[in-house]
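Reviewing the structure listed below.
The values are calculated or read from the model by the stated rules, or taken from the named source; none is laboratory data. These numbers come from a predicted model, not from an experiment. Note that we place each Cβ from the backbone using ideal geometry, even for glycine, and neighbour counts take in every protein chain shown. These area figures cover heavy atoms from the full protein model, side chains too; ligands, DNA and RNA do not enter into them. Shrake-Rupley method; radii C 1.70, N 1.55, O 1.52, S 1.80 Å.
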Amino acid sequence: MSTAQSYITEITRAQEAERKRIACELHDETIQDLFTVITDIEEIIAGNGRLSVEDTRRLRCLQCAINQVMGGIRRFCSELRPGLL
């Protein structure tokens, strides 16, 4: 293998390792943190009988928005590391 080919191979490996690191960090840390926020919101709704209907609705909307963000992060992670590499 020529020096240029070896260099290209090493660059490709380094790029793939960085993609994998980013995808894992996003998935393992960010999604877990967002899930914790969703759970905390659920506990607030369930444990607080003083919330108005409007406040409860707004908290449910926040949960939905967070779920959409999590879906976007999952798609981004999949695009970083397609299954057929």
message = From the helices alone, meaning DSSP H stretches of at least four residues, give me the mean residue ellipticity at 222 nm for the chain, per-run term -39500 (n - 2.57), in deg cm²/dmol to the nearest 500.
response = -27500 deg cm²/dmol
key: Mean accessible surface per residue for the chain, computed with a 1.4 Å probe while every protein chain stays in place, in Å²   = 77
query = Relative contact order (percent) for the chain, with alpha-carbon contacts under 8 angstrom and 6 or more residues of separation?
reply = 50
request  = Estimate the FRET efficiency between Glu54 and Arg21 by the formula 1/(1 + (r/R0)^6), using the beta-carbon distance for r and 41 Å for R0, to the nearest 0.05.
outcome  = 0.45
request  = Over the chain, with every protein chain in place, what whole percent of the accessible area is carbon and sulfur at 1.4 Å, could you tell me?
outcome  = 58
message = Among [x] 76; [y] 92; [z] 104, only one was calculated for this model; which label is it, if the read-out is volume of the Cα convex hull per residue in Å³?
response = [x]
